[in-house]
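Participant: Please find one structure pasted underneath; my questions will follow.
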Amino acid sequence: MMTRMTIETSVDEHGIALVTMHHPPVNAITVADTWAIRDAFATLGADPDVRAVILTAEGRGFNAGIDIKEMQSASGFDHLLGSGAACFAAFEQIYLTPAPVIAAVNDFCMGLGVGLVGSCDIVVASTSARFGLPEVDNGALGCASHLAKLVPPMKLRQMVLTCEPVTAAQLYEWGTVYKLCEPEELLAAAHETALRICEKRSRVVRAAKHALNLIDIYEMQKHYRLEQGFTYELNLHGDGSAARDEFMAGTRVVTKDADR
């Protein structure tokens, strides 16, 4: 099965699905792409023959977040609200996919990308991968709910407030990344992990994932919705759009008014 679009999906003879994001130059994906991720996982989740799913990307970066240029090209708040709805739906669909989902992170993973990875079950990453939330720099909040699954509590606060990224090697030391490998070995490592899952009884694996979701202490959907509320509030104040304009202009000017 193959769908040719910015979000590509395929399923091999073992029942291992591959979902690939590809949006040059840096995989900053559009709202339509985000809905396409949700749709891809909804389709794969409804297929009983899918035993495991690998989420990865081609080109520069695993994910640079939402496409800010697209957002700033739209007037009003409809695009912002649509982006929020798409992200919420995509993260939830990945998390609820009956088969285990493996994130294969090839390079930088920022903002929305952290939400995608945090919604997965297992993380495999290349040595060049790094993870971060630039949301505060961009006048927004979001995906701290998902980053909380990847880093210790005080590291979470530091990363959100400073917007400084963390390396895959650090996440590997903390046990968040299951396998750390060279970039050219990434998909092979993810596929090997998926094959180990496929060796188990499918019904038992699906029951295990369902149980893990039910006992999960991280209420990501609930907490992410709360973060979105603050983002919408910041946009009403004008901070969100102003910060995105600075990003597009390559400037980052902080004034007293911006802190009020």
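Every number here is computed from the coordinates shown, using simple stated rules; none is lab data. In this text the structure is predicted, and so the values were computed from the model without any measurement. Using ideal geometry, Cβ is built from the backbone for each residue, glycine included, and neighbour counts are taken over all protein chains shown.
Participant: Grab every C-alpha pair in region 58-170, bin the distances at 10 angstrom width from 0 up to the longest one, and report whole percents.
Facilitator: Reading the bins upward from 0: 14, 45, 34, 7, 0.
Participant: Going by C-beta contacts inside 10 Å, put L147, L226 in order with the fewest on the left.
Facilitator: Ascending Cβ contact count within 10 Å gives the list L226, L147.
Participant: Counting only pairs 8 or more residues apart or on different chains, how many lysine pairs in the chain have their Cα atoms under 30 Å apart?
Facilitator: Value for the chain: 17.
Participant: Follow-up question, since we're still on this one. Using the number of other C-beta atoms within 10 angstrom as an exposure proxy, rank R203, R225, R130 with the fewest first.
Facilitator: R203, R225, R130
Participant: For the chain, what proportion of DSSP beta bridges, expressed in % and rounded to the nearest 5, is antiparallel?
Facilitator: Counting only bridges with both partners in the chain, antiparallel ones make up about 30 percent.
Participant: Next up: Divide by every residue of the chain the summed helix terms, -39500 (n - 2.57) for each DSSP H run of at least 4, and state the resulting mean residue ellipticity at 222 nm, rounded to the nearest 500 deg cm²/dmol.
Facilitator: The helix-only estimate for the chain comes to -14000 deg cm²/dmol at 222 nm.
Participant: Compute the length gained on full extension between Q158 and I215: take 0.36 nm times their separation in residues and subtract their Cα-Cα distance, giving the result in nm to one decimal.
Facilitator: Between Q158 and I215, full extension yields an extra 17.8 nm.
Participant: Still on this model: Taking only Cα atoms, what is the 0 to 90° angle, nearest 10, from helix 186-198's long axis to the longest principal axis of the chain?
Facilitator: 50
Participant: Turning to a different aspect of this structure: Across region 92-231, what fraction of all alpha-carbon pairs, as a whole percent, falls in each successive 5 Å bin from zero upward?
Facilitator: 2, 10, 19, 22, 20, 15, 8, 3, 1, 0
Participant: Quick check on the exposure proxy: order Y178, Y95 from fewest to most C-beta atoms within 10 angstrom.
Facilitator: Ordered by Cβ neighbours within 10 Å, fewest first: Y178, Y95.
Participant: Treat every Asp and Glu Cβ in region 48-130 as -1 and every Lys and Arg Cβ as +1, leave all other atoms uncharged, and give the resulting dipole magnitude about the Cα centre to the nearest 20 debye.
Facilitator: Using Cβ point charges on Lys, Arg, Asp and Glu, region 48-130 gives about 200 debye.
Participant: In degrees between 0 and 90, to the nearest 10, how far off the longest principal axis of the chain does helix 31-45 point, with axes built from Cα atoms?
Facilitator: For 31-45 against the chain, the angle is about 20 degrees.
Participant: Quick one: angle between helix 220-237 and the longest Cα principal axis of the chain, in degrees between 0 and 90, rounded to 10, please.
Facilitator: Compared with the principal axis, the helix lies near 20 degrees.
Participant: A further question follows. Just to check, using Stokes-Einstein with a Kirkwood Rh over alpha carbon pairs, what's the diffusion coefficient of the chain at 10 °C and 1.306 mPa s in µm²/s?
Facilitator: 85
Participant: Which whole-angstrom value gives the distance between the alpha carbon centres of region 175-247 and region 103-133?
Facilitator: After rounding, the separation between the Cα centres reads 8 Å.
Participant: Multiply the residue gap between A32 and K69 by 0.36 nm, knock off their C-alpha separation, and tell me the result in nm, one decimal place.
Facilitator: Going from the current span to full extension adds 11.9 nm.
Participant: Over the Cα atoms, compute the radius of gyration (one decimal) and Dmax (the largest Cα-Cα distance, rounded to a whole number) for region 150-232, in Å.
Facilitator: 16.7, 45
Participant: Using a Förster distance of 25 angstrom, determine the FRET efficiency expected from the C-beta separation of E185 and V136, and round it to 0.05.
Facilitator: Rounded to the nearest 0.05, the efficiency is 0.15.
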